[in-house]
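**Q** There's a structure below that I have some questions on.
The values are calculated or read from the model by the stated rules, or taken from the named source; none is laboratory data. Keep in mind that this is a model prediction, so the values were computed, not measured. Here Cβ is always computed from backbone atoms with ideal geometry, including for glycine, and neighbour counts include all displayed protein chains. We work out accessible area using only protein heavy atoms, side chains counted, and drop any ligands, DNA or RNA first. Shrake-Rupley method; radii C 1.70, N 1.55, O 1.52, S 1.80 Å.
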Amino acid sequence: MYSTRPVKIAGMGYYVPPNVLTNFDLEKMVETSDAWIRERTGIRERRLAGRGASTSDLATEAAMACLRDAGVTAREIDLIIVASASPDYLFPATACIVQHSIGAVNAAAFDMEIGCTGFIYALATGAQFVAAGMYRKVLVIGAECLSRLVNWSDRTTCCLFGDGAGAVLLVEGSHGEGLVAFHLGADGSGKDLLSLPAGGARMPASSETVEKGLHYIHMEGKAVFKFAVKIVDAAVTKVLEKCGKTPQDIGVLIPHQANLRIIESACERFGISRDRVVVNIDKYGNTSSASVPIAMCEALHEGRIEKGDLVVLVAFGAGLSYGAAAIIWS
Ligand code: UT7
């Protein structure tokens, strides 16, 4: 008979680079203001990777912190999945670079690219390997170096994004706790609303693409905003249904940190008070695939998550894509 094992999070770690770029710094770079950025997004500052650093470097730091937290050596890891919209290269996979840099010589490694929803998809994927009994220790990382892909003269996007990484270790858990439900989805009709047009096989890099700035993040913010508000509602509702819970049962909501107004709309819709939602967009901006694991780590370190709590993760982004996860904290 086909049976699956329960899966839990056995450790977590995150890393944000020390270099801070405030809204006031941005005021000197583009025509914007601290007031506009704060009021429209909730962001006050963001972290930027240092010169020469890239996504795999941030992912490596987060992975090492996670292994220390879990008390596990790199040699014990069976699989590494890196979710990123800003991988070091189109190939090789950033996960392979991390596998080498942390010395996880026994691990398989692959990347997942599904925009800001990447971590939720990677978590669901990693959990399947443990649930099926194929692997015992799976490292799931969300890591981004978006500062390299942002057009620093485009005020509509450059104030939004930041760099960082978060990692979790998945292992077998006990029935009735751990990762109890996922809901994943996509609507590819919105593929052009948030994209990095050039540099892939559809539009290879050329002097023309560089001249037109097509190697930078392109986003139609208002349309993505509308999608996000609608889909957070739908994804959370679905994942709660799948584990037989209601919004009142949510102990801690950890949403993707894209815009404070999107988060507030979700809180209002579900009747969740601000002390039950994790918000750190003010400090880090939108770190895409890294935002949920960083926020989850910080919440745990701050003592905001307790054993038995229903923790709900939700994210949305390029694709368009969306996903939610329900965890009974163990
Ligand atoms: O993580 C992936 C998913 N991403 C998201 O979820 C992002 C969703 N979208 C958003 O968060 C918001 O749409 C933004 C924060 C990107 C933009 O906020 P908005 O309230 O939708 O503003 P808008 O794009 O409608 O722009 C309003 C005005 C425009 O000026 P006009 O045309 O009214 O004269 C913009 O040019 O604000 C202007 N504007 C700015 N002004 C000062 C746009 N960016 C800036 C800026 N500083 N940085």
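**Q** Starting from the Cα gyration tensor of region 179-328, multiply each eigenvalue by 5, take the square root, and state the resulting semi-axes largest first in whole Å. Display every interim value, and only then the final one.
**A** Working: eigenvalues 199, 52, 35 Å².
After diagonalising the Cα gyration tensor, the semi-axes are 32, 16, 13 Å.
**Q** Let me ask something additional. Considering every pair of different Cα atoms, what Kirkwood radius, in Å, is found for region 7-175?
**A** 16.6 Å
**Q** Could you give the DSSP H helices of the chain that reach 18 angstrom or more along their long axis (alpha carbon positions) and whose average Kyte-Doolittle hydropathy is no lower than -0.5? Don't skip to the answer; put the middle values down first.
**A** Numbers: long enough: 55-70 (22 Å, 0.24); 118-131 (19 Å, 1.36); 221-242 (31 Å, 0.66).
In the chain, the long hydrophobic H runs are 55-70, 118-131, 221-242.
**Q** May I ask for the Kirkwood hydrodynamic radius of region 1-55, worked out over all distinct Cα pairs and given in angstroms to one decimal?
**A** It is 14.8 Å.
**Q** Here is a further query. Taking every pair of Cα atoms in region 127-252, average 1/r, invert it to obtain the Kirkwood radius, and report Rg/Rh to two decimals. List each step's numbers first, then the result.
**A** Details: Rg = 19.2 Å, Rh = 18.2 Å.
Ratio value, two decimals: 1.06.
**Q** Please list CYS66, CYS243, CYS96 from largest to smallest accessible area, probe radius 1.4 Å, with all protein chains kept in place. Before the final figure, lay out the partial values.
**A** Values: CYS66 0, CYS243 30, CYS96 60 Å².
From most accessible down to least: CYS96, CYS243, CYS66.
**Q** Also: Tell me, what % of the accessible area of region 1-144 is carbon and sulfur with a 1.4 angstrom probe?
**A** Taking all protein chains in place, region 1-144 shows 52 percent carbon and sulfur surface.
**Q** Turning to a different aspect of this structure: Any idea of the accessible area per residue across the chain, 1.4 Å probe, to the nearest Å²?
**A** That works out to 44 Å² for each residue.
**Q** So what's the net charge close to ALA85: Lys and Arg +1, Asp and Glu -1, counting the other residues with Cβ under 15 Å from its Cβ?
**A** Summing Lys and Arg as +1 and Asp and Glu as -1 gives -3.
**Q** One-quarter of the Cα convex hull surface for the chain, in nm²?
**A** Working: hull surface 66.0 nm².
Mean projected area for the chain: 16.5 nm², to one decimal.
**Q** Which value at 222 nm does the chain reach when only helices count, each DSSP H run of 4 or more adding -39,500 (n - 2.57), with the total divided by all residues and rounded to the nearest 500 deg cm²/dmol?
**A** -9500 deg cm²/dmol
**Q** Can you pull the semi-axes for region 120-172, root of five times each eigenvalue of the Cα gyration tensor, sorted largest first, whole Å?
**A** Ellipsoid semi-axes (Å, largest first): 34, 9, 7.
**Q** Let me ask something additional. Picking from HIS175, MET134, LEU48, whose Cα lies most toward the positive end of the charge dipole for the chain (charges on Cβ: Lys, Arg +1; Asp, Glu -1)?
**A** Result: HIS175, furthest along the dipole toward the positive end.
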